[in-house]
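What follows is one structure encoded as structure tokens, with my remarks underneath.
Bear in mind that the values in this text are calculations on the coordinates, not laboratory data. Remember, predicted model here, so these are calculated numbers, not experimental data. So basically every Cβ, Gly included, is an ideal-geometry build from the backbone, and we count neighbours across all protein chains shown.
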Amino acid sequence: MTAIVTGKITTDNHILQLLALQQKNLKKNISDEEMKEQGFVTVEHDFDKIKSMNASLPQIVAFNQNVVVGYALSMPLTFKNIIPELTPMCELLEELEYEGKSFKEYKYYIMGQICIDKSARGIGVFQMLYLEHAREFGEQFDFIVTEVSIHNKRSMRAHEKIGFVKIHEYYDPENNDTWAVVIWNFKTPST
């Protein structure tokens, strides 16, 4: 495998590659065994949503010879009603506090989803994507927030390793899942 580099979506073809990677890893498209061993993604995006998200905030991807092998989606808070699966978390965030202050007092954005192709797992691409987020958004935002299914053990471990901290947990009856709300504070050095 050649060197993997991180960057931003710059072409429609990048979006199509991202969506193809997402399809290969959607919870509904993989076996229970693969979900347990490799993790999964839950939310299914379409071309127009990714294009719109990219126009609002750069979408960070990992390339292997200009082929998308990983992505970590950036979602501004204004998208909370465009991606219905994330609406419960966004509404919850309006009520939460972090370090004694309301979330409303911070500048933050949402990690919409992170996914790595099987060919690029286990070699640091997850960390590369998040470090690119810190470089791209660290001056503009206080932190990044996301939610991870507590059943997605691989993703929970990977987020903890980067430096994400769980600040809340809730059950979503519509999706029949329990979610850990985690943040990575850009102002706190990571381990």
**Fill in**
Asserting the computed 222 nm helical MRE of the chain (DSSP H runs at least 4 long, -39500 (n - 2.57) per run, divided by residue count, to nearest 500) equals -9500 deg cm²/dmol
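Sorting check: for 169-178, 105-114, 87-96, which peptide has the highest mean count of neighbouring beta carbons within 10 Å, and how do the rest follow?
Numbers: 169-178: 11.7, 105-114: 19.1, 87-96: 15.6.
Result, highest mean first: 105-114, 87-96, 169-178.
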**Complete:** For the stretch 44-88 the translational diffusion coefficient, Stokes-Einstein from a Kirkwood Rh over Cα pairs at 25 °C and viscosity 0.890 mPa s, in µm²/s, is roughly 214
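With +1 on the Cβ of every Lys and Arg and -1 on the Cβ of every Asp and Glu, and nothing else charged, how large is the dipole of the stretch 46-191 about its Cα centre, in debye rounded to the nearest 20?
Working: 15 positive and 20 negative charges, 130 e Å.
Computed charge dipole of the stretch 46-191: roughly 620 debye.
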**Request:** Considering only lysines 8 or more places apart in sequence, or on different chains, count the pairs in the stretch 65-191 whose C-alpha atoms sit under 25 Å apart.
**Result:** 18
**Request:** Can you give me the P(r) profile for the chain? Cα pairs, bins 10 angstrom wide beginning at 0, each as a whole percent.
**Result:** 9, 38, 41, 12, 1
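Counting only C-alpha contacts under 8 Å and six or more residues apart, can you give the relative contact order of the stretch 59-191 as a whole percent? Before the final figure, lay out each step's value.
Numbers: 193 pairs, mean separation 29.8, N = 133.
It comes to 22 percent, rounded to a whole number.
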**Asked** When only C-alpha pairs under 8 Å and at least 6 residues apart count, what is the relative contact order of the stretch 40-81, in percent?
**Response** 32
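Could you tell me the ratio Rg/Rh of the stretch 6-60? Both radii from Cα atoms, Rh via Kirkwood. Intermediate values should be presented prior to the final figure.
Values: Rg = 12.6 Å, Rh = 12.1 Å.
When Rh is taken as the Kirkwood radius, the ratio is 1.04.
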